[in-house]
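Visitor: One structure, pasted below without further comment.
The values are calculated or read from the model by the stated rules, or taken from the named source; none is laboratory data. Keep in mind the model is a prediction, meaning the values are calculated, not measured. Heads up, the Cβs are rebuilt from the backbone with ideal geometry, glycines too, and the neighbour counts pull from every protein chain shown. For accessibility, only protein heavy atoms count, side chains too; no ligands or nucleic acids. Shrake-Rupley method; radii C 1.70, N 1.55, O 1.52, S 1.80 Å.
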Amino acid sequence: MSDIQTQMPAAQYAVRYGERTLTFTWTQDAKSACTKRKAVIHVHPNGEVEVQTPEGTSLKDAKQALLRRARWVAGHLKGIEERQRHVLSRDYVSGETLFYLGRRYVLKRLHSDSERHVKLIRGQIQVTGKDLDRERVKADLRAWYRNRASDVFQRRLMHVEQTLPWLKTRPNWRLLEMKTQWGSCSPKGDVLLNPHLVKAPTECIDYVILHELCHLEEHNHSPRFYDLLRHAMPHWEAVKHRLDGMSEMLLNE
């Protein structure tokens, strides 16, 4: 069975902020970070805005919460839009730049009647095969990244779990392609990691894994959660900022 899940699109709402319309999704969660009747605002790497409020609050409350943070949200969206202007869609031809573990590599297509394969060698990611049309090369690279992600994430999980003294057993984890998140932690404690994350620097991978592992102890974004994360990675905010700045390039297909 595929790891990729198909989900129904969430309902979209909007508020006006000056000349701009801020579109957002709204969720309610009794176990979220929304303690003391506070809302949490997320601006995801792809520009989607999510407003999370405590269970039982109204849409009006969600809109007011977003308007209180509208200047901050608009600033983040402007930065994302500016970066996206410089990201071109891929043609998957020789000479294009690909990322792996934070480094840039040059794509090289090599025609051959032998077995198809993808190989990382001498600063290149080489895709070899007979039929090298755009969609076939894209599919080969996607499979290669998933295989690499399985290996890299397993090794990084073994490394970072040593920094969490309260973690007694290694959680179940798997790959899941997500449009708005690098990782997720289910209510049952299963950790989900986006295979595109393997394109990011190792430190950024560690940050995402630590973030999700901290949710095993504190399944929200409460002050205690951030205390746990800061203990494991004191400079996590700088690492997150670095990852956010690369998101458009790393998610570009």
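Visitor: Is it the case that residue 160 is crowded, with 20+ Cβ neighbours inside 10 Å and on the phi < 0 side of the Ramachandran plot?
Guide: So residue 160 does not fit the description; no.
Visitor: Condition (residue is more than 13 Å from the chain's Cα centre (by Cα), closer than 27 Å to residue 29 by Cα and open to solvent by less than 50 Å² (accessible area, probe 1.4 Å)) applied to the range 193-208: is it met by at least one residue?
Guide: no
Visitor: Out of all the residues in the range 85-102, is one or more assigned to a helix (DSSP H, G or I), under 25 Å from residue 208 (Cβ atoms) and either open to solvent by less than 60 Å² (accessible area, probe 1.4 Å) or β-branched (Val, Ile, Thr) (or both)?
Guide: No - not one qualifying residue is present in the range 85-102.
Visitor: Follow-up question, since we're still on this one. Name the residues in the range 113-122 that are in contact with a strand residue (DSSP E or B) (Cβ under 6 Å, 6 or more places away or on another chain) and part of a loop (DSSP other than H, G, I, E, B), would you?
Guide: Correct list: 116 only.
Visitor: Something else: Based on what the data block shows, is residue 218 free of Cβ contacts under 8 Å to residues at least 12 places away in the same chain, surrounded by 16 or more Cβ atoms within 10 Å (Cβ to Cβ) and either under 18 Å from residue 99 (Cβ atoms) or over 12 Å from the mean Cα position of the chain (by Cα) (or both)?
Guide: The answer is yes for residue 218.
Visitor: Cβ-Cβ distance below 8 Å, separation of 6 or more or different chains: which pairs start in the range 129-156 with a residue that is without any contact (Cβ under 8 Å) to a residue 24 or more places away in the chain and end on one that is among the hydroxyl-bearing types (Ser, Thr, Tyr) and open to solvent by 20 Å² or more (accessible area, probe 1.4 Å)?
Guide: Correct list of pairs: 129/112; 130/112.
Visitor: Please verify whether residue 136 is surrounded by 12 or more Cβ atoms within 10 Å (Cβ to Cβ), under 28 Å from residue 178 (Cβ atoms), within 20 Å of the chain's Cα centre (by Cα) and not hydrophobic (A, V, I, L, M, F, W, C), treating the condition exactly as stated.
Guide: Judged against the criteria, residue 136 is not a match.
Visitor: Right, next: Go through (1) under 20 Å from residue 244 (Cα atoms); (2) at pLDDT 90 or above; (3) hydroxyl-bearing (Ser, Thr, Tyr) and name the single condition residue 180 misses.
Guide: So the condition that residue 180 fails would be (2).
Visitor: Among the listed residues 63, 31, identify the single one that is at pLDDT 70 or above and either among the small types (Gly, Ala, Ser) or open to solvent by 60 Å² or more (accessible area, probe 1.4 Å) (or both).
Guide: Result: 63 is the single residue among 63, 31 that is at pLDDT 70 or above and either among the small types (Gly, Ala, Ser) or open to solvent by 60 Å² or more (accessible area, probe 1.4 Å) (or both).
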